[in-house]
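The structure appears below as structure tokens.
Laboratory data are not the source of any read-out in this text; all were calculated from the coordinates shown. Note that the structure is predicted; figures quoted are calculated from it, not measured. Heads up, the Cβs are rebuilt from the backbone with ideal geometry, glycines too, and the neighbour counts pull from every protein chain shown.
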Amino acid sequence: MLLFRMFFRFQLLLQVFFFSFTGLSLTEEMPELARLGRQLFYDPSFGGSVDPKKATGFSCTTCHADFNESEYGDGLIRSGNSIVGVTRRQKSQWKEIQPNQLLRSAGGAGVCYQRFLQGIPAKKVNPIAIPEQKAEALMAYFDYVTSKAQVGEAEQAYYNPLSRTEAQAAADKILKLDGDADKGWKLYGKSCAGCHSGPKKRGIGTQLVRSRPPSNLEARLHKIASYTRQGGYLMPALGTGKLSDQDLANIIEFLRDITEAKK
Ligand code: HEC
Ligand code: HEC
């Protein structure tokens, strides 16, 4: 009996030792520069280099995952793609970036740094405004997560905001679909609530269900659908690759329900 207990204790010790050892080695594997990149990725002040008067409150994590979403998805629907695979891309999809600026702009992150973290208008964006060492740190982090994810091909879905007329036509179609408000509430939570909080309460984005009921509910819902496809000043568009027409119709039905419930 005693022998058995001793053996058991020994095993426990071994396990504790083993787990702490593997835990340690996991964190130790992340290079110093990549660790800095990780901190920047989660920080709306971007290590203090974002002008506090311009800060939107967004961090890179507001719109991008730092893991392979198809394999380890957390269910959230983000406007940007996962940064896994960025370091394997040959060119950026932002037209503001020349091919020779790809590294210096941290694989395209320089556009987001200015537009989304600081609200600088698209036309005035300087894609190489990220301080050089911070751009390198981001790339080191992208490289780290890419090698961990062991994906062969870089995944990349193209960002495709619709023009005003296209977005109107898309909204026409969406409003004709039968939506399911229960499904819509779940989808709202995964794709809108990160920025619009509760639909009736202010977040970073606007209050989608206003305290005063809209004079024309159909027009209001139509605007919500077209805005989602077109995007706005700070709000990136969410295309059919992120939310299908039916998904968006469900969200619209949910917003219709809670707007009508207010009356
Ligand atoms: C408000 C949302 C938003 C924020 C905040 C944001 N991004 Fe983006 N980002 C996008 C969208 C949308 C795209 C275009 C689709 C894509 O390639 O992911 C994009 C593209 C990118 C790309 C790929 C560019 C390309 O051409 O392939 C990188 C890299 C990137 N972002 C990194 C970052 C980093 C780093 C931060 C933080 C400094 C950040 N983003 C903040 C929305 C955002
Ligand atoms: C990354 C943050 C973000 C996400 C995610 C987001 N929004 Fe927005 N949204 C904003 C911001 C910020 C504004 C304010 C105007 C602007 O900058 O575009 C806005 C504005 C809007 C507007 C126009 C203002 C108004 O109230 O008429 C609509 C409509 C809208 N969002 C709908 C949605 C819907 C529906 C979703 C989910 C499918 C969504 N948004 C997801 C950030 C976001």
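A few comments on the model shown:
- For Leu33, Leu248, order by how many other beta-carbon atoms lie within 10 Å, fewest first: Leu33, Leu248
- Separation between Cα centres of the stretch 219-263 and the stretch 84-127, rounded to whole Å: 28 Å
- By average C-beta atoms within 10 angstrom, highest first, the peptides 58-64, 211-217, 176-182: 58-64, 176-182, 211-217
- Ascending count of other beta-carbon atoms within 10 Å, so fewest first, for Leu175, Leu103: Leu103, Leu175
- Rg/Rh, computed from the Cα trace of the stretch 47-115 with Rh as the Kirkwood radius, has the value 0.99.
- Considering all different alpha carbon pairs of the stretch 184-263, the Kirkwood hydrodynamic radius works out to 12.7 Å.
- Applying both filters, DSSP loop and at most 15 other Cβ atoms within 10 Å, to the trypsin sites (Lys or Arg not before Pro) of the stretch 37-76 gives Lys53, Lys54.
- Sequence-distant residues sharing a close amide H with Ile120 (under 5 Å, placed H): Arg115
- At R0 = 35 Å, FRET efficiency that the Cβ-Cβ distance of Tyr72 and Glu132 yields, to 0.05: 0.65
- When the listed pairs Lys134/Lys183; Lys53/Lys95; Lys148/Lys242; Lys54/Lys242; Lys53/Lys148; Lys91/Lys242 are checked against a 31 Å cut-off, the alpha-carbon distance exceeds it for Lys134/Lys183; Lys53/Lys148.
- Applying the Karplus relation 6.51 cos²θ - 1.76 cosθ + 1.60 with θ = phi - 60° to the stretch 241-246 yields 3J(HN,Hα) values of x, 9, 9, 5, 4, 5 Hz, where x marks Gly and Pro.
- Along each principal axis, taking the top coordinate minus the bottom one, the Cα set of the stretch 32-149 gives 37, 30, 28 Å in descending order.
- Point-to-point label distance, Ala122-Ser197, nm (Cα→Cβ direction, 7 Å offset): 2.9 nm
- Table column - 3J(HN,Hα) (Hz), the stretch 34-40, Karplus curve with 6.51, -1.76, 1.60, x for Gly and Pro: 5, 5, 4, x, 5, 4, 4
- Given R0 = 41 Å, the distance between the Cβ atoms of Asp245 and Gln39 translates into a calculated FRET efficiency of 0.60.
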